[in-house]
Amino acid sequence: MQTAGPQKQYFDALAAGALKIQRCEACSRHVFYPRVQCPHCGADRLAWVQPTGLGTVYSTTVFRRKPADGGDQQIALIDLDEGVRMMSRVENVDPAAVRIGMRVKARVAQQDGAPVLVFDPVEG
Amino acid sequence: MAHPLRGKTAIVGVGHAGFGDASGFTEMEILTQAALAACADAGISLRDIDGLATCSVTSGMWAMNAAESLGIRPKFIDSTMIGGSSFVEHLLPAMLALDAGICNAVLVCYGSTQRSGTVNRAAIASARRLLDAQPYEHPYGPAAPAPSYALAAARHMHQYGTTREQLAEVAVAARKWAQLNPEAQMRDPLTIEDVIGARMVADPLTVRDCCLVTDGAGAFVLTRADRARDLAKPPVHVLGNATAVWHRQISSLPDLTVTAASESGARAFEMAGITAKDADVVELYDAFTINTILFLEDLGFCPKGEGGRFVADGAIAPGGRLPVNTNGGGLSCVHPGMYGIFIMIEAVRQLRGECGERQVNGARIAVVNGNGGVLSSQSTAVLGTADTL
Ligand SMILES: [Zn+2]
């Protein structure tokens with residue numbers, strides 16, 4: 001018997017420095033965010049896999065906050081090469097220079113004492 | 001053959017209260033004022049209400065608060081909360097309950113003092129992080145909706161060549177309608193340059209692409225069509241209603257340029273036996289300028305991707321080819337947290353011919369589309385005058 005649900009398993013892996021997503025053993029599609037059942041086919045046989053971490057920016061914005069509220073905040077939707085989408089941000093680049101179609105790679109960072117998945121631009 | 005629910009119920013009264021700044025009043029107090037106004041409009045008493053549909057941004061048990069405060073003991077209670085579209089979504093369960101004889105008069109109502117009250121938008125966003133945690137999105141952004149809509153706008157621009165100016169056209173058209181509506185909160189002149197040059201909120205959306213933050217309450221009364229004929233105002237019949245929910249978080253919407261309005265619209269139009277071209281007046285939940293463009297496409301007023309070009313050159317402004325958001329919309333009329341009740345009220349008033357300077361002449365069929373969450377819930381309604389039955 002498993003000792004934790006998919007959400008805790010995901011964040012435990014992230015805390016250990018690894019990005020893991022699920023893959024459905026019935027329909028072979030990848031799944032994110034982590035679930036108990038496959039949202040594509042309904043099967044409950046989801047296995048953890050380690051994706052390449054490579055992805056493409058699907059859309060991007062910069063939330064313009066006052067400096068007192070934390071300043072400008074880059075927000076992006078990233079399509080991993082495995083076919084799942086996640087919200088994140090692209091770091092190590094001017095927030096306004098993030099473009100749809102930009103290739104990015106995942107990295108586990110720390111935020112408020114918790115692991116958080118962010119992305120960096122990659123060549124090509 | 002006509003759908004068995006088509007036209008079987010009618011909106012017989014509408015009312016609102018507390019537009020703009022309701023300082024000194026609670027949201028229940030202005031909700032009650034709106035409910036009383038809707039009953040008076042229908043020529044009935046609050047005592048005649050035996051069905052209640054309502055929900056709140058902050059209270060999870062709001063139907064009980066409302067029944068208690070209004071002093072009613074409803075036989076039908078619906079407090080479905082799917083964001084701003086809820087008050088359009090409330091139609092279908094109420095139609096079923098009325099048609100089945102469970103109750104005779106349903107009050108749909110909402111009130112918020114989000115601008116003047118102690119629980120303001122920032123407080124609500126903060127509470128939502130705790131009560132409605134989204135651990136895969138909240139670390140990257142606020143519980144506030146603007147960035148999610150900005151992501152949709154950016155994608156639409158990328159995919160279809162929609163321009164910054166075309167988004168601004170939506171806000172300018174809303175303002176021109178608002179200038180014809182003495183109840184609208186923002187009536188100063190507004191140009192495309194003003195919209196684009198305003199303070200950036202979330203690229204590409206400026207503050208003038210975003211709905212207002214106001215107080216306000218609204219209500220309407222729904223009865224069976226046979227009873228509606230004997231009441232004070234001409235009945236506005238519900239020809240169709242359908243709701244679709246595809247996601248909660250924007251990262252779970254597969255294509256950010258296609259919303260569930262494409263599904264809710266198709267089902268509502270099928271029930272009503274109409275197509276988009278039959279609409280005389282259109283009320284869309286314009287929380288942000290991109291909404292109007294997305295919903296015009298998804299409801300079939302123009303092909304997917306053409307919404308930006310469709311709204312250009314004042315096409316949805318007064319005197320344009322299609323009257324859209326004739327009260328001034330959430331962008332310029334009123335927006336107390338959840339706006340869906342007000343698109344219903346405006347559609348009813350247009351079909352009754354009560355809209356003065358902004359009246360769409362001869363309006364017989366109105367299409368309403370409510371939106372909730374972050375493009376998450378969509379509820380489409382088709383309303384018609386008695387001669388559309
Ligand atoms: Zn599957």
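Per DSSP helix of 4 or more residues, -39500 (n - 2.57); summed, then divided by the residues of chain B. What does that give at 222 nm, rounded to the nearest 500?
Working: 14 runs with 133 residues, N = 389.
Mean residue ellipticity at 222 nm (helix-derived): -10000 deg cm²/dmol.
How much of the pair distance distribution for the stretch B:280-346 lies past 21 Å, counting alpha-carbon pairs only, in percent? The partial results should precede the final answer.
On the way: 380 of 2211 pairs.
Roughly 17 percent, rounded to a whole number.
Could you let me know the centre-to-centre spacing of the stretch A:26-61 and the stretch B:78-118, using Cα atoms, in angstrom?
So the two Cα centres are separated by 36 Å.
Calculate the FRET efficiency for B:Glu306 and B:Asp48 from the Cβ-Cβ distance with a Förster distance of 45 Å, rounded to the nearest 0.05.
On the way: r = 46 Å, r/R0 = 1.03.
Result of the calculation: an efficiency of 0.45.
Where Rh is the Kirkwood radius over the Cα pairs of chain A, the temperature 37 °C and the viscosity 0.692 mPa s, what D in µm²/s does Stokes-Einstein return? If you can, show how the numbers build up before the last one.
Numbers: Rh = 15.5 Å.
For the chosen part, D equals 212 µm²/s.
Work the Kirkwood hydrodynamic radius out for the protein assembly as shown: mean of 1/r over every pair of different alpha-carbon atoms, inverted, in Å. Walk me through the intermediate numbers first.
Numbers: mean 1/r = 0.0424 Å⁻¹.
Result for the protein assembly as shown stands at 23.6 Å.
Mind running the shape call on the stretch B:176-287? Use the C-alpha gyration tensor, a ≥ b ≥ c as the square roots of the eigenvalues: rounded below 1.5 for a/c, prolate if a/b tops b/c, oblate otherwise. Please report the intermediate quantities before stating the final value.
Details: a/c = 2.27, a/b = 1.33, b/c = 1.70.
Because a/c hits 1.5 or more and a/b fails to exceed b/c, the stretch B:176-287 counts as oblate.
Please give the average number of partner chain Cβ atoms lying within 10 Å of the Cβ of each residue in B:151-159, rounded to a whole number. Numbers along the way, then the final one.
Working: counts 9, 3, 2, 10, 6, 1, 2, 7, 2.
Whole-number average of other-chain Cβ neighbours for B:151-159 is 5.
Considering every Cα-Cα pair within the stretch A:22-74, what fraction, in whole percent, is farther apart than 14 Å? Could the numbers behind the result be given before it?
Numbers: 871 of 1378 pairs.
Distances greater than 14 Å cover 63 percent of the Cα pairs.
If you take every residue apart from B:Gln350 with its C-beta less than 11 Å away from the C-beta of B:Gln350, what net charge results, scoring Lys and Arg +1 and Asp and Glu -1?
Values: positive: B:Arg349, B:Arg352, B:Arg358, B:Arg364; negative: B:Asp280, B:Glu283, B:Glu346, B:Glu354.
Local net charge: 0.
Find how many whole Å separate the alpha carbon centroid of the stretch B:16-49 from the alpha carbon centroid of the stretch B:276-328.
Using only Cα atoms to place each centre, the spacing works out to 30 Å.
Cα gyration tensor of the stretch B:261-389, axes a ≥ b ≥ c as square roots of the eigenvalues: rounded (a/c below 1.5), prolate (a/b > b/c) or oblate?
Numbers: a/c = 1.22, a/b = 1.11, b/c = 1.10.
The shape class here is rounded.
Against the longest alpha carbon principal axis of chain A, how many degrees, from 0 to 90 and to the nearest 10, is the axis of helix A:6-15 turned?
The helix A:6-15 is inclined about 50 degrees to chain A.
At 37 °C and 0.692 mPa s, what whole-number value in µm²/s does Stokes-Einstein give for the translational diffusion of the stretch B:1-140, with Rh from the Kirkwood sum over Cα pairs?
On the way: Rh = 16.4 Å.
Value of D from the Cα-based Kirkwood radius: 200 µm²/s.
Picking from A:Gly70, A:Gly42, A:Gly55, which is most flexible by a Gaussian network model of chain A using Cα springs under 10 Å?
Checking each option, the largest mean-square fluctuation is seen for A:Gly70.
Below 30 Å, Cα to Cα, which lysines can A:Lys8 reach? Residues fewer than 8 away in the same chain don't count.
Within the straight-line cut-off, A:Lys8 pairs with A:Lys20, A:Lys105.
I'd like the mean, over residues of B:199-210, of how many other protein chain beta carbons sit within 10 Å of each residue's own Cβ. Intermediate results must be reported in sequence, preceding the final value.
On the way: counts 1, 6, 5, 7, 11, 2, 2, 1, 1, 0, 0, 0.
For peptide B:199-210, the averaged partner shielding equals 3.
Using only Cα atoms, what Kirkwood radius does chain B have, in angstroms?
Working: mean 1/r = 0.0490 Å⁻¹.
For chain B, the Kirkwood estimate is 20.4 Å.
So if each residue of separation counts as 0.36 nm, and I subtract the Cα-Cα distance between B:His138 and B:His247, what length gain in nm does that give?
Working: separation 109, 0.36 × 109 = 39.24 nm, distance 1.57 nm.
So the extension gain works out to 37.7 nm.
Hey, what number do you get for chain A at 222 nm if only DSSP H runs of n ≥ 4 count, each worth -39500 (n - 2.57), divided across all residues, to the nearest 500?
Numbers: 1 runs with 10 residues, N = 124.
The helix-only estimate for chain A comes to -2500 deg cm²/dmol at 222 nm.
What does the charge count around B:Met271 come to, taking other residues whose C-beta lies under 15 Å from its C-beta (Lys +1, Arg +1, Asp -1, Glu -1)?
Values: positive: B:Arg6, B:Lys8, B:Arg267; negative: B:Glu89, B:Asp99, B:Glu263, B:Glu270, B:Asp278.
Net of charged neighbours comes to -2.
Taking only the alpha-carbon atoms of the stretch B:67-161, what semi-axes of the equivalent ellipsoid follow from 5 times the gyration tensor eigenvalues under a square root, in whole Å, largest first?
The three semi-axes for the stretch B:67-161 are 34, 20, 12 Å.
So how do B:163-176, B:14-27, B:230-243, B:66-79 stack up, highest first, on mean other-Cβ count within 10 Å? All intermediate terms of the calculation are to be shown ahead of the outcome.
Values: B:163-176: 23.9, B:14-27: 19.9, B:230-243: 22.4, B:66-79: 17.3.
In descending order of packing, they fall as B:163-176, B:230-243, B:14-27, B:66-79.
What percentages, rounded to whole numbers, describe P(r) for the stretch B:121-253 computed over all alpha carbon pairs with 10 Å bin width beginning at zero?
Taking every Cα pair in the stretch B:121-253, the percentages come to 9, 26, 30, 24, 10, 1.
Divide, for the stretch B:232-294, the radius of gyration over alpha carbons by 2.2 N^0.38 Å, where N is the residue count.
Values: Rg = 14.1 Å, N = 63, 2.2 N^0.38 = 10.6 Å.
Taking N as the residue count of the stretch B:232-294, the ratio is 1.32.
Positive end of the dipole of chain A, charges at C-beta (+1 Lys, Arg; -1 Asp, Glu), about the Cα centre: which of A:Ala106, A:Pro95, A:Gly42 has its Cα farthest in that direction?
My answer, from the dipole projection, is A:Gly42.
Compute the distance in nm between two label points, each set 7 Å from the Cα along the Cα-to-Cβ direction, one at A:Asp112 and one at B:Asp230.
5.8
Which positions within the stretch A:69-117 get 50 Å² or more of their accessible surface covered by the other protein chains, compared to the chain by itself, with a 1.4 angstrom probe?
A:Leu77, A:Arg85, A:Met87, A:Ile100
Counting Lys and Arg as +1 and Asp and Glu as -1, what is the net charge of the other residues whose Cβ lies under 10 Å from the Cβ of B:Leu52? Intermediate results must be reported in sequence, preceding the final value.
On the way: positive: B:Arg73, B:Lys75; negative: B:Asp50, B:Asp78.
That works out to 0.
The values are calculated or read from the model by the stated rules, or taken from the named source; none is laboratory data. The structure displayed is predicted, hence computed values, not measured ones. Because the Cβ atoms are built from the backbone with ideal geometry, glycine has one as well, and the counts that use them run over all protein chains shown. Please note that ligands, DNA and RNA were not included when accessible areas were found on the heavy atoms of the full protein model with its side chains. Shrake-Rupley method; radii C 1.70, N 1.55, O 1.52, S 1.80 Å.
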